[in-house]
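Peer 1: For reference, the structure I am asking about is given below.
Nothing in this text is a laboratory measurement; each read-out follows from the coordinates by a stated rule. From a predicted model like this one, the values you see are computed outputs, not experimental measurements. Note that each Cβ is placed from the backbone with ideal geometry, even for glycine, and that neighbours are counted across all protein chains shown.
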Ligand code: 0RA
C-alpha cells in the first residue's frame with residue numbers, strides 16, 4: 001500500500017503540485033493580474049509557444065478561436081509538443097511541459113534557437129489557471145490527447161489514431177474561481193495577433209470569434225513583415241520614399257530587422273521589439289537605431305552640402321521628425337529591464353544594430369541621393385523650427401518663474417493646491433465657461449474656457465503650435481510642460497475634463513484636444529488623467545419633477561413611462577443653455593455626474609485614429625466617419 005502511494009506521489013509529483021499551487025495562489029505574479037489583462041495573457045502565452053515554433057521555422061499557420069462556451073482554442077501546424085516519455089520524470093514530455101513551471105522549450109532535441117514568450121512563464125501556468133484544458137498533439141505518425149482539470153491530468157496521454165500531420169491544439173477554459181470574468185475580447189486579441197503577424201513575416205494567423213451572435217473572423221499574413229507594418233501605420237499619410245526602407249541581417253545569433261519611412265507630418269513614431277515583445281521603455285536596440293540614424297543623416301547632410309561647415313549638427317529629434325520606424329531584434333537571451341520590464345538591456349545588441357545600420361542604411365542613402373536630400377532638408381527645417389520653438393518655450397518658462405501671476409488670465413483656478421483633488425474643466429466657449437465658473441465648487445474645480453478653435457497639431461510644427469493662444473493657456477494651466485519637457489510630477493490637476501457641446505463643433509474641439517494630448521502629453525492619456533464630461537441632452541419636466549437625460553434612447557423610454565401629458569421636454573443645444581445650478585447638478589458635481597475616462601488600449605490604433613481624423617488626406621477621413629458615424633460614442637475612446 002505505502003509503496004503504491006509513494007509510487008504515485010513521488011518527488012516529481014510533489015514538485016508539480018507545489019508548482020501548480022504556487023501559481024493558483026498568486027496568479028498575478030505569473031500573469032500580471034486576474035482581470036481582463038491577465039485573462040487575455042493566457043491566450044498570448046499559448047500563442048507565443050506557437051510563434052516560437054514559427055520562429056524556429058516549423059510552423060506557418062496559427063488559428064485562435066473564441067468558442068461558443070467562452071473557451072479558447074489555439075491550433076498550430078508546428079512540430080507538436082514531444083510526447084515520448086521523459087527520462088527523468090517518468091511521464092510524457094507533453095505532461096512535463098504542461099505541469100512544470102518554465103519547462104517550455106528547455107528540453108527536447110534542439111529546443112529553440114530563439115524563444116519569445118510574453119514573460120516566458122510557459123503553458124503550465126495557463127494549465128494551472130484553467131478549470132480545464134485539453135491538448136491534442138499530432139506527431140511522429142500519431143494523434144495524442146489528454147485532458148487536465150485545474151492543472152492536474154485526468155488520465156495519462158492517450159494515442160487516438162494515426163496521422164501524417166504535425167501540430168498542437170490547445171483548448172482551455174480559465175478558472176472562474178481565479179478570474180474576475182471570463183470574457184475574451186475579439187478586438188484585444190486581434191490587435192496583438194496582427195502585431196505578431198507583422199513581426200513574423202509569412203506566418204498566417206487567423207482569429208475567429210464564435211462566442212457572439214455574429215461570428216467574426218480575421219486573417220493576418222504579411223509577406224512584407226515589419227515593412228508591411230510601416231505601410232499600415234503610414235497608410236493615410238503622404239510618405240517618402242514611396243516604399244519603406246527595409247533592413248534585415250543576422251550577426252552572431254542576433255537577428256535584426258528595421259523598417260522606416262518618413263511622412264509629411266511632424267510626429268515621430270518608433271516601435272521597438274525584442275523577441276516579439278514591445279519594448280516601450282526602449283533599450284540598446286532602439287538607442288543604437290536612433291544614434292546611427294542621426295549620425296548617418298548628419299554625415300550625408302554635410303556631404304550633400306545641406307549642412308555647412310559652420311552649422312551645428314542636426315539633433316536626433318530633428319532627424320526623426322515625421323519618421324515612422326520599427327526596429328525588431330530576435331536574440332538568444334534577452335534581458336528585460338526597467339520598471340515594466342520592457343527595456344532591452346543586452347549591451348552586445350548596441351554594436352550589432354549600429355554596424356548593420358551603418359552598412360545597410362548607409363548604402364541606401366548613397367544609392368538614393370534624392371530621397372536622402374529630401375530627408376536632410378526636412379531635418380534642417382525641423383531644426384530651424386525647433387530653435388524658434390525653444391525661444392517661445394523659454395519665454396513661457398521664464399514667465400512661469402513668476403508663479404501665480406503667470407497663469408492665464410481666463411483661467412478660473414481652484415483654491416486647492418493639491419493636484420490629487422483638483423480638477424480642470426476645459427470648456428468650449430465663453431458663455432458655458434461663465435456658467436461653469438459660477439456653478440463649480442471653487443475649492444477643487446478650475447475652469448479654463450476656450451475661445452477660438454485650438455490648432456490642429458497634426459498639421460503644424462511645434463513652433464506654430466506654441467504660438468497658439470489656446471494651447472499656451474492650456475500648457476501653463478496644466479503646469480507640466482510639453483513634449484520632451486513634459487513632467488507629470490508638476491501636473492496641477494489630476495483630473496482634466498474636456499467639456500464640449502454635444503454637436504459637431506463640440507466633437508471636433510474634443511478631437512483636437514485629444515490629438516494634442518496624445519501627441520504632446522501622451523502620459524496624460526496613458527495614465528488616465530483625461531476625462532470627457534457628459535452633459536445631458538434633454539431636460540424633461542413633469543409636475544415639478546425634473547429628469548435629465550444623457551442619451552437619445554432614454555427619451556422614448558422615459559416618455560412611455562411618465563406619459564406625454566403635461567410633460568415639457570427641453571433639448572440642450574449647448575452647455576451655454578444651462579444655468580450654473582443645472583450645470584453643477586448634471587455635469588460638475590462628482591456625486592451626481594458621469595464622466596468618461598479616456599483610455600488608450602492600443603497606442604498603435606490610437607495613432608491611426610488621430611492621423612485619420614486630423615491628418616492631411618480627406619478621403620479616408622470621410623470614409624472613416626461614414627463607417628463609424630453610428631459608433632461615434634466609442635470612437636472618442
Ligand atoms: C517543447 C519542445 C519542442 C516543441 C514544443 C515544446 C512545442 C510547444 C508548443 C506549444 C504550442 N505549440 C507548440 N509546439 C511545440 C521541440 C520539438 C522538437 O524538437 O521536435
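Peer 1: Full extension from residue 339 to residue 485: what is 0.36 nm times the residue separation minus their Cα-Cα distance, to one decimal in nm?
Peer 2: Details: separation 146, 0.36 × 146 = 52.56 nm, distance 2.03 nm.
Full extension of this stretch gives 50.5 nm more.
Peer 1: Could you calculate the FRET efficiency of residue 232 with residue 541 from 1/(1 + (r/R0)^6), where r is the beta carbon distance between them and R0 is 30 Å, rounded to 0.05? Each step should come with its number before you reach the end.
Peer 2: On the way: r = 52 Å, r/R0 = 1.72.
My answer for the efficiency is 0.05.
Peer 1: Compute the relative contact order of region 140-257 as a whole-number percentage, counting only Cα pairs closer than 8 Å that sit 6 or more residues apart in sequence.
Peer 2: On the way: 120 pairs, mean separation 16.3, N = 118.
Relative contact order comes out at 14 percent.
Peer 1: OK, next. Work out the FRET efficiency for residue 210 and residue 391 from their Cβ-Cβ distance, taking R0 = 60 Å, and round it to the nearest 0.05. Display every interim value, and only then the final one.
Peer 2: Values: r = 60 Å, r/R0 = 0.99.
The computed FRET efficiency comes out at 0.50.
Peer 1: Calculated FRET efficiency, residue 562 and residue 594, Cβ-Cβ r, R0 25 Å, to nearest 0.05? Could the numbers behind the result be given before it?
Peer 2: Details: r = 22 Å, r/R0 = 0.86.
That pair, residue 562 with residue 594, gives E of 0.70.
Peer 1: Now for a separate question. Sort the following peptides by mean Cβ neighbour count (other Cβ atoms within 10 Å, averaged over residues), highest first: 567-574, 257-264. Could the numbers behind the result be given before it?
Peer 2: Details: 567-574: 14.2, 257-264: 22.5.
In decreasing order of mean packing, 567-574, 257-264 become 257-264, 567-574.
Peer 1: Ranked highest first by average number of other Cβ atoms within 10 Å, how do 416-428, 21-33 line up?
Peer 2: 416-428, 21-33
Peer 1: How fast does region 266-333 diffuse by Stokes-Einstein, in µm²/s, taking the Kirkwood radius from C-alpha pairs at 25 °C and 0.890 mPa s? Spell out each step's value before the answer.
Peer 2: Details: Rh = 13.2 Å.
In µm²/s, the coefficient rounds to 185.
Peer 1: While we're on this one: Based on the alpha-carbon gyration tensor of region 117-219 and its eigenvalue square roots a ≥ b ≥ c, which shape applies: rounded if a/c is under 1.5, prolate if not and a/b is larger than b/c, or oblate?
Peer 2: Numbers: a/c = 1.72, a/b = 1.18, b/c = 1.46.
Judged from the Cα gyration tensor, region 117-219 comes out oblate (a/c at least 1.5, b/c at or above a/b).
Peer 1: OK, next. How large is the Rg to Rh ratio of region 220-372 when both quantities use alpha carbon positions and Rh follows Kirkwood? Mind showing how you got there, number by number?
Peer 2: Details: Rg = 15.4 Å, Rh = 16.0 Å.
The Rg/Rh ratio comes out at 0.96.
Peer 1: Can you give me the relative contact order of region 292-434 as a percent, contacts being Cα pairs under 8 Å and 6 or more apart?
Peer 2: Values: 72 pairs, mean separation 39.2, N = 143.
Over region 292-434, the number comes to 27 percent.
Peer 1: Now for a different question. Can you tell me the relative contact order of the chain? Whole percent, Cα pairs under 8 Å, sequence separation 6 or more. List each step's numbers first, then the result.
Peer 2: Working: 1149 pairs, mean separation 56.4, N = 637.
9 percent.
Peer 1: Taking every DSSP beta bridge that has both residues in the chain, what percent is antiparallel when rounded to the nearest 5?
Peer 2: On the way: 74 of 101 bridges.
Once the DSSP bridges in the chain are tallied, antiparallel ones form about 75 percent.
Peer 1: Also: Describe numerically, in nm with one decimal, the distance between label points set 7 Å from Cα along Cα→Cβ at residue 281 and at residue 149.
Peer 2: It is 4.2 nm.
Peer 1: By what distance, in whole Å, do the Cα atoms of region 178-301 stretch along each of the three principal axes, largest value first?
Peer 2: The principal-axis extents, from largest down, are 58, 34, 27 Å.
Peer 1: Related question: In whole angstrom, and with the biggest value first, how far do the Cα coordinates of region 444-545 range along each principal axis?
Peer 2: For region 444-545, the Cα spread along each principal axis is 56, 29, 21 Å.
Peer 1: Further question on the same structure: Antiparallel DSSP bridges in region 262-404: what percent, to the nearest 5?
Peer 2: Values: 5 of 12 bridges.
Just about 40 percent of them are antiparallel.
Peer 1: Counting other beta carbons within 10 Å of each residue's own, what order do 76, 246, 209 fall into, fewest first?
Peer 2: Values: 76 28, 246 17, 209 21.
With the sparsest Cβ surroundings first, the list reads 246, 209, 76.
Peer 1: A further question follows. Quote to one decimal, in nm, the extra length available between residue 373 and residue 249 on full extension: 0.36 nm per residue of separation minus the C-alpha distance between them.
Peer 2: Values: separation 124, 0.36 × 124 = 44.64 nm, distance 2.57 nm.
Length gained, residue 373 through residue 249: 42.1 nm.
Peer 1: Continuing with this model, one more query. Of the peptides 559-566, 434-441, how do they stack up when ordered by the mean number of other Cβ atoms within 10 Å, highest first?
Peer 2: So the order, starting with the most tightly packed, is 434-441, 559-566.
Peer 1: What is the Cα coordinate range of region 198-241 on the first, second and third principal axes, sorted by size from largest, in whole angstrom?
Peer 2: 44, 23, 10
Peer 1: Sort region 444-490 into rounded, prolate or oblate with this rule: let a ≥ b ≥ c be the square roots of the eigenvalues of the Cα gyration tensor; rounded if a/c is under 1.5, and if a/c is not under 1.5, prolate when a/b is larger than b/c, oblate otherwise.
Peer 2: On the way: a/c = 2.69, a/b = 1.16, b/c = 2.32.
Oblate.
Peer 1: Report the label-to-label distance for residue 469 and residue 363 in nanometres (one decimal), using points 7 Å from each Cα along the Cα→Cβ vector.
Peer 2: 5.7
Peer 1: Relative to the longest principal axis of the chain, what angle (0 to 90°, nearest 10) does the C-alpha long axis of helix 369-400 take?
Peer 2: Compared with the principal axis, the helix lies near 60 degrees.
Peer 1: Given region 336-484, what whole percent of its Cα pairs are spread farther than 25 Å? Present the calculation step by step, with values, prior to reporting the outcome.
Peer 2: Values: 6030 of 11026 pairs.
The answer is 55 percent, as a whole percent.
Peer 1: Could you give the nm distance between label points at residue 619 and residue 221, where each point is 7 Å from its Cα heading toward the beta carbon?
Peer 2: Each label point lies 7 Å from its Cα, and together they span 2.8 nm.
Peer 1: Here is a follow-up. Using every pair of alpha-carbon atoms in the chain, split the distances into 20 Å bins beginning at 0 and state the percent of pairs per bin, rounded to integers.
Peer 2: 16, 42, 32, 9, 0
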